[in-house]
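Everything on this sheet refers to the single structure shown next.
The values are calculated or read from the model by the stated rules, or taken from the named source; none is laboratory data. If you're wondering where the values come from, they're calculated on a predicted model, not measured in any experiment. Note: ideal-geometry Cβ built from the backbone for every residue, glycine included; neighbour counts use all protein chains shown. When the accessible area is computed, the model is the full protein with side chains, heavy atoms only, and any ligands, DNA or RNA have been set aside. Shrake-Rupley method; radii C 1.70, N 1.55, O 1.52, S 1.80 Å.
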Amino acid sequence: MGDLGLFFAILGAALAALVAGAGSAKGVGMAGQAAAGVVTDQPDMFGRVLILQLLPGTQGIYGLLIAFVAMNNLGIIGGAPQQITLLKGLAYLGACLPMAIVGYISAINQAKAAVASIALVSKRPDQFGKSMLFPAMVETYAIFALLISILAINGVGAI
Amino acid sequence: MAEQYIYAVARVRSKELKLLTGQVFDALVSAASAQDAVKILADHGWGDGDINRIDEMLQAEREKTWSFIAELVPDMSVFDVFLYAGDYHNLKAAVKETARMERRDSVFVGKKECTVDPELMRNAVRDRDFEALPKEMRDVARDALDALLHTGDGQMSDIMIDKAALTRILAAGKKSDSDILRTYAELTVACADIKAAIRACLMKKDRSFLDRALAPCDTLDIGELALAASESVDAVYEYLSRTVYSDAIPQIRTSLSAFERWCDNLLIDKIRPEIHHPFTIGPLAAYILARENEIKCVRMILSGKMNDLSADSIRERVRDSYV
């Protein structure tokens, strides 16, 4: 049963990196298409649209961070995995899920906002600052999920 | 699948910056002469400033639009609804060419502005090989040619073809997933019906003519419209006052060209919200319509300038700008 606990804990870490990363990959891809469309006719917009394109990429980083923290707590990174109970393993899995699920959803929605902002900045380059804010708002919820996942993982580690 | 248009819409956004604005149209209308207006256009990338090559300039602008859209959309059939007008225009030209046994290349619209190759259309009608045409065009091509050959009545053959064109545009619009294409189709048919009804009424045409000319659409009851038009213009106004086109009545009272301007402006108003939909085909359709509108306005302004119309008179005819 101890192995099963570790399995679920690692599954949680993997899901955080995998699902949030998949959301970011899709989101950055969507924003990248819009950015390429703008740069085709307005090459001087490259710097501005690149920043907007990268915004949906943060969820993947957060997912990676959660995976690292969870694996560090489990001793996997140090090469000495802990034997944990099934309950603790499931608790790790649950702790990782906010980042996995919210990371995916927020990355896609942030990408949609980024695509719209890229269109805005292509027509009104002087509104670049404001155009950054719209997709950045979505980031709030990814950060909430990151915080909860970190707190929960640390909490589970202390059990 | 909406994501397939992200790149295309972003490119359209950039291209929209190059659409002629209201200020440019004001400058064109206020230009001292047609030559000055052509120079202003040349400064905005339209033609080379040669007043003798206006038709080529407008044709080149139209081709630029379609070449640009063709770069962005793998399957151009989604925009067939815009091209059917060209097909049926060419059908009319082919029917008249065959009936009068004369060749007139200049009346056909180009290959990029229609779905059926103009040469194929011409050969199919001349050889009576109607099977070579799309199935929606076969019957009307045969009937229109027979009507013209037997009666010599060009108007009759034209209204048969016009009605077939409108019916096909409406069907294509209804089949489309895009709100803007559905709106375009419905407005095109309804406005054409209203114009046809008013013209027929002024020319004292009978009910059977109206039944042959008017194409069904969702926002008008063509039975009622035909009945009203067979009575009087006031009856048409009374019927329209009970439809969504009641705002058009003052325009129709002014002139049919004022009504045409109202229709074009209505379409532009309807497509304007598409500016904000980055994941649909709407902005591409809106761009095509905006470019068509722009070309129409430029043609109108230059023609007004060349005929020494006053700036105010030209301004009355200029359509609203998309940007």
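For the peptide B:13-19, the mean number of other protein chain Cβ atoms found within 10 angstrom of a residue's Cβ is 5.
When B and A come together, around 1300 square angstrom of accessible surface is lost from both chains combined, probe 1.4 Å.
Here the Karplus relation 6.51 cos²θ - 1.76 cosθ + 1.60, evaluated at θ = phi - 60°, turns the backbone of segment A:86-98 into coupling constants of 4, 4, 5, x, 5, 5, 4, 4, x, 5, 7, 4, x Hz, with x for every Gly and Pro. Remark on chain B: B:CYS114, B:CYS201, B:CYS217, B:CYS297 stand apart, with no other cysteine beta carbon under 4.7 Å. Straight-line cross-link partners of B:LYS18 among the aspartates and glutamates, defined as a Cα under 13 Å from its Cα and at least 8 positions apart when in the same chain: A:ASP41, B:ASP43, B:GLU61, B:GLU294. Phi-derived couplings, Karplus 6.51 cos²θ - 1.76 cosθ + 1.60 at θ = phi - 60°, listed residue by residue for segment B:45-52: x, 9, x, 10, x, 8, 5, 7 Hz, with x used for Gly and Pro. Each Lys or Arg adds one and each Asp or Glu subtracts one; over the other residues with Cβ under 11 Å from the Cβ of B:SER30, this totals -1. Here the relative contact order of chain B, from alpha carbon pairs under 8 Å that lie six or more residues apart, stands at 22 percent. Sorting the segments A:124-137, A:35-48 by their mean number of nearby beta carbons within 10 angstrom, highest to lowest, gives A:35-48, A:124-137. Largest to smallest in accessible area, the residues B:SER106, B:SER14, B:SER246 fall in the order B:SER106, B:SER246, B:SER14 (1.4 Å probe, all protein chains included). Each Lys or Arg adds one and each Asp or Glu takes one away; over the other residues whose Cβ falls under 15 Å from the Cβ of B:TRP46, this sums to 0. For the pair A:LYS123 and B:ASP75, label points projected 7 Å from Cα toward Cβ lie 2.8 nm apart.
Dividing the mean sequence gap of close Cα pairs (under 8 Å, 6+ apart) by how many residues chain A holds gives a relative contact order of 36 percent. Only helices enter this figure: runs of n ≥ 4 DSSP H residues, each worth -39500 (n - 2.57), summed and divided by the residues of the protein assembly as shown, yield -24500 deg cm²/dmol at 222 nm to the nearest 500.
Any residues in segment A:75-123 that have 10 Å² or more less accessible area with all protein chains than in their chain alone, probe 1.4 Å, and which are they? The answer is A:LYS112, A:VAL115, A:ALA116, A:ALA119, A:SER122, A:LYS123.
Peptide A:38-47 has a mean shielding of 3, counted as Cβ atoms of other protein chains within 10 Å of each residue's Cβ.
Roughly how far apart, in whole Å, are the Cα centres of segment A:42-72 and segment B:106-157? If you average the Cα positions of each part, the centres end up 58 Å apart. Highest-first packing order for the peptide set B:207-215, B:56-64, B:276-284, A:58-66 is A:58-66, B:276-284, B:207-215, B:56-64, based on the mean count of other beta carbon atoms within 10 Å. Peptide A:23-32 has a mean shielding of 1, counted as Cβ atoms of other protein chains within 10 Å of each residue's Cβ. Per residue, the accessible area of the protein assembly as shown comes to 46 Å² when a 1.4 Å probe rolls over the protein heavy atoms.
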